[in-house]
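What follows is a short report on a single structure.
The values are calculated or read from the model by the stated rules, or taken from the named source; none is laboratory data. Keep in mind the model is a prediction, meaning the values are calculated, not measured. FYI the Cβ positions are ideal-geometry reconstructions off the backbone, even for glycines, and counts take in every protein chain you see.
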């Protein structure tokens, strides 16, 4: 799962980055509205955290641009303003949720998981695919009812797959959801992660669709290598 953070307060941004990465999210950070708008236009993100009081270009202006361009990216706005009119302005611009500063980063994490889940079309907090289940409130995976231990990269791949279960996710799309902007992964890094996941959850759950990407399915034949 990959998040875009657009926040100019250095201390707050550092705290958010630590919290999100500790929960296995990949995070890209912009410190002004212009850079944030560009990243949101060009990157593949599961959700964005957008401050309203940004330099260069305001958060509302950024959000208006994204929505005018048809960007359906789920957006949670951060604001130091607690007036109702500011919240209304954010929702009218196309925000999906908001938090008023100060806030607990634990709540931010839970809200982002919920945004990503709903954007993928899942109403219930638990997503199930055969023996595999994902709790979008805690971020935990279980296999046959037992907790599944995953690395950060494995978690990002598997969360992307289960939120879009039964659908093919193209290889480049998966890579975009796994690595941050400054990462330089090896050419076969995704295949290595998929192989590790198959050893942990079974080969049949992750199907390789030749020339396209991967699909998580409870009905797959033996996955092709």
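Considering 160, 183, the condition of being touching a strand residue (DSSP E or B) at 6+ places or on another chain (Cβ under 9 Å) and assigned to a loop (DSSP other than H, G, I, E, B) is satisfied by 183 alone.
Among residues of segment 134-148 being surrounded by fewer than 20 Cβ atoms within 10 Å (Cβ to Cβ), in contact (Cβ under 8 Å) with a residue 12 or more places away in the chain and at negative phi, the one that is nearest to the chain's Cα centre (by Cα) is 137. For segment 121-136, the set of residues classified as out of contact with any strand residue (DSSP E or B) (no Cβ under 8 Å at 6 or more places or on another chain) and closer than 22 Å to residue 45 by Cβ consists of 121, 122, 123, listed by residue number. Out of all the residues in segment 207-223, is one or more part of a helix (DSSP H, G or I) and exposed (fewer than 13 other Cβ atoms within 10 Å of the Cβ)? For segment 207-223, residues part of a helix (DSSP H, G or I) and exposed (fewer than 13 other Cβ atoms within 10 Å of the Cβ): absent. Against the numbered list (1) over 25 Å from residue 153 (Cβ atoms); (2) at pLDDT below 95; (3) outside any loop (DSSP other than H, G, I, E, B), residue 106 comes up short only at (1). Look at (1) touching a helix residue (DSSP H, G or I) at 6+ places or on another chain (Cβ under 7 Å); (2) in the same structural domain as residue 14 (by TED's automatic domain parsing) and you find that residue 158 fails only one, number (2).
For residue 11, the criteria (1) under 14 Å from the mean Cα position of the chain (by Cα); (2) surrounded by fewer than 20 Cβ atoms within 10 Å (Cβ to Cβ) hold in every case but one, which is (1). Checked against (1) surrounded by fewer than 19 Cβ atoms within 10 Å (Cβ to Cβ); (2) more than 13 Å from residue 23 (Cα to Cα); (3) over 15 Å from the mean Cα position of the chain (by Cα), residue 93 passes all but condition (1). Counted as qualifying within segment 4-75 are the helices (runs of 4 or more DSSP H) with 2 or more residues that are in contact (Cβ under 8 Å) with a residue 40 or more places away in the chain and touching a strand residue (DSSP E or B) at 6+ places or on another chain (Cβ under 9 Å), namely 10-22, 59-68.
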